[in-house]
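Reviewing the structure listed below.
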Amino acid sequence: MVVHAVWVIDTSGIPLYHKAYSPLEFDPTLFSSFFSSLVHFQSEMMGRQLQDITFEDLSFSYIVDQGIVFLVCVKKDATTEKLLESLRDSFFKIFKDEIILLSTLLRTSPRARELLRHFELEVDKLVGFAPQKEPVPVRITAIPRLLHKDSTIRQDLLRRFGMSSLLVIILSDGKHRNTDIAEALDLPTQEVEEIVRHAQRRGYLKIVSAYDASEPTLESPFPDYEDLSS
């Protein structure tokens, strides 16, 4: 079955989760609002809920449970009942009583990001999506050398980028992408990429294609104690 996209939508129209698996583009917020309105219209005006909507070669199928819409966009005529039920079951199993974490105010919290990442991995499995490995930075320079007050590496990074560059290099452990590091340090991804490119040219780190999608995102800008002793 070809799955183009997956949504989890609050019936008020708020997109709780969305991921696209094809080049087809849908504005998550606009689409969620539209589809939520459509669900309400079908329920109020017709006393039932339309389960499938087809546009040319695309089919939108959904189920509603506990005020939440589980929606998939698939190739026309695909059977989606089992997928939707599994999607629903995985969502409630992972979030349980913590769905409030998906609110606008809380969805960027460490706990919300952890649960969303876990849910995303489950959705990927359900739709048969195998994430490609992505390039990640790996620190070559030992942390004590990096942080020593007389270190030329430290002086170079501070002069060019400031204190945040040291944390970027420390977190370049071969397990996390530039976007993970940027999120953990609350820095623009472009800034992190610039620091990484400079460090690579200078030989402070290297780039390898070893990112594992099952790795959790960084929740803290501080390395483990064992890492500090390397």
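Where a number appears in this text, it was derived from the coordinates with a stated rule and is not lab data. Since this is a predicted model, take the numbers as computed values, not measurements. Glycine also receives a Cβ, built like all others from the backbone with ideal geometry; neighbour counts cover every protein chain displayed.
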message: Taking loop as defined by DSSP and a crowding limit of 15 other beta carbons within 10 Å, which trypsin sites (Lys or Arg not before Pro) in region 133-165 fit?
response: LYS133, LYS149
field: Spatially proximal lysines relative to LYS96 (Cα-Cα < 25 Å; intrachain offsets below 8 disregarded)
entry: LYS19, LYS82, LYS125
task: At a Cα cut-off below 25 Å, give the lysines reachable from LYS149, other chains included and same-chain residues fewer than 8 away excluded.
output: LYS206
